[in-house]
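Below you'll find the structure, written out as structure tokens, and then a few comments.
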Amino acid sequence: MDASVTNFQNIIEGTKQYVIPMFQRTYSWGEKQWKVLWDDIMDLVENDTVINNDNHFIGSIVSIPINANPHKIPKFLLIDGQQRVTTFLILLSVIRDVSKIKGLNELADEIQETLLVNKHKKNDEFYKFIPTNIDRDVFKTIIVEEELTKFENYQIYKAFQYFKDLIMKTDIDLNVLKIKITINLAMVSIVLSPDDNPNLVFESLNFKGQPLKPVDLIRNHLFMHIPQEEQDEIYNRYWIVMEKALGENLTEFIRHFLMGININVKQSEVYVQFKTFFGKKDPIELVKELKEYAVLYAKLLLLDKEKNAIIQHRIERIHALEARTTYPFLLYMYKDYVDNKISSDIFIEILKVVENYVIRRFVCNIDSKQLNKMFASLYNQLKDLSNSEVLEELKLFLQLRGYPTDEEVRLSLLTNPLYGNGDRAKKTKFILSTFEESFGHKEKV
């Protein structure tokens, strides 16, 4: 590891490229952070002398070399400092554009050719900085000075407009402004050696301040183990499919994915448990596997439709009961059905039994605290059984774990009030609706 106090010009100048891993978050700085940076710059500009030894420390960036090919430009994976570096480059792009408006073409060309692009390179190597996949197009459009309006919902676009409005409203010396940004904003540059573990550095950095979500750390952990040249394809073919399918539910999916194979996972320990589970597994195969299960989990959450109408109806009933404790088990049984290990008829019966078990325990007012662990371990009890054995073994398993009998349900309906607020009201409505449906009226209740 090599650490040194430097400035942005030393970091970005020369033929080189910084790449943001696609598993990093998109650009997320907002007006609060932009204003703090601008105020820091204005503090330096107040003394309008170009040659000024006053420096202002603004943090650190951490990178690791990723390209040792002598015939290609040096590339660095930017592990920490993404938001800061992106903002500096947006600012310099604004100064370049405003310089052209004010007829300062020499300054504009200097910024473009020494700080923003690798002038004599082509394709992606032309750019000194490659953001995450989502931000890539808007950033490149800014660098090559093309029309930006189609990107107006992107945070990078908003940053560009914010700084452009500020600079256009002032009579600031643009050359002084450029020097303050590139020379007088001091930072620590930490360059890891190829032998360093970038994943450990990434974790330690991101557990400070505002930590990443568990799913962000999981994504990082997986992709840090995938060869750089394969990361884009794996991300686009598999990981982005999961993100689009599940959105904010992705962390909970991974938790249930782990629980379904009898790993006890608290909500606060998803990342730690995933790392242990990952061990020495093939990261690419694991991403593929996660994607397959994520598609099914989206169906359990009703974010996607199951083509079998009867199964879809049964899933809707489980969903109406808000019985998420059953999801670790149902997720793996769903996969067995998709893989033809069990028939559709058996899977439908499994969904019926699980629903019946949950609703009977509610009627009998039986505490549900133990259901999390029970359903997490349940698949392991059934996974090696034949299609014909699964259903009977499931019923036997549940009968030994508080499955109320018909007589117990009848007595509880006479003595236990089902009404109440929130969860109780929803389950009571579910029961009454089921009674009505059983009469087979033509008009749906």
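The values are calculated or read from the model by the stated rules, or taken from the named source; none is laboratory data. Fair warning: this is a prediction, and the values are worked out from it, not measured in the lab. Positions of Cβ are backbone-derived with ideal geometry, glycine not excepted, and every protein chain shown enters the neighbour counts. In case anyone asks, the SASA skips ligands and DNA or RNA and just uses the protein heavy atoms, side chains included. Shrake-Rupley method; radii C 1.70, N 1.55, O 1.52, S 1.80 Å.
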* Asked: Among Phe347, Phe57, Phe76, whose mean-square fluctuation peaks in a Gaussian network model of the chain (Cα, cutoff 10 Å)?
  -> Phe57
* To do: Could you work out how far the C-alpha centroid of segment 404-445 sits from that of segment 96-129, in angstrom?
  => 70
* DSSP-defined beta bridges in the chain - what % are antiparallel, rounded to 5 -> 50
* Asked: Could you give the accessible area per residue of segment 357-445, probe 1.4 Å, as a whole number in Å²?
  -> 69
* **Given charges at beta-carbon only (K, R positive; D, E negative), |dipole| of the chain in Debye** => 1120
* **Candidate values (i) 57, 24, 19; (ii) 35, 27, 22; (iii) 45, 26, 17, label of the one derived for semi-axes √(5λ) of the Cα gyration tensor in Å** => (i)
* How many Å² of accessible area per residue for segment 222-316, probe 1.4 Å? -> 49
* Asked: Can you give the Rg to Rh ratio of segment 245-346, both from alpha-carbon atoms, with Rh computed by the Kirkwood formula?
  -> 0.97
* Asked: When the label point is put 7 Å from the Cα of Lys444 along its Cα-to-beta-carbon vector, which residues of segment 285-302 have a backbone N closer than 17 Å?
  -> 302
* Asked: So which DSSP H runs in the chain come out at 18 Å plus along the axis (Cα) with average Kyte-Doolittle of at least -0.5?
  -> 31-45, 82-101, 155-168, 283-300, 344-363, 387-399
* Heavy-atom accessible area order for Asp171, Asp39, largest first, 1.4 Å probe -> Asp171, Asp39
* Structure fact -> Protection proxy (average C-beta count within 10 Å per residue), highest first, orders 356-363, 414-421, 255-262 as 255-262, 356-363, 414-421
* When the chain is fully extended, how far beyond the present Cα-Cα distance does Lys280 get from Glu322, taking 0.36 nm per residue of separation? -> 11.6 nm
* Structure fact -> Counting only protein heavy atoms with a 1.4 Å probe and every protein chain in place, the carbon and sulfur fraction of the accessible surface of the chain in whole percent equals 49
* **Whole-Å distance, taken between Cα centres, linking segment 225-243 and segment 135-187** => 30
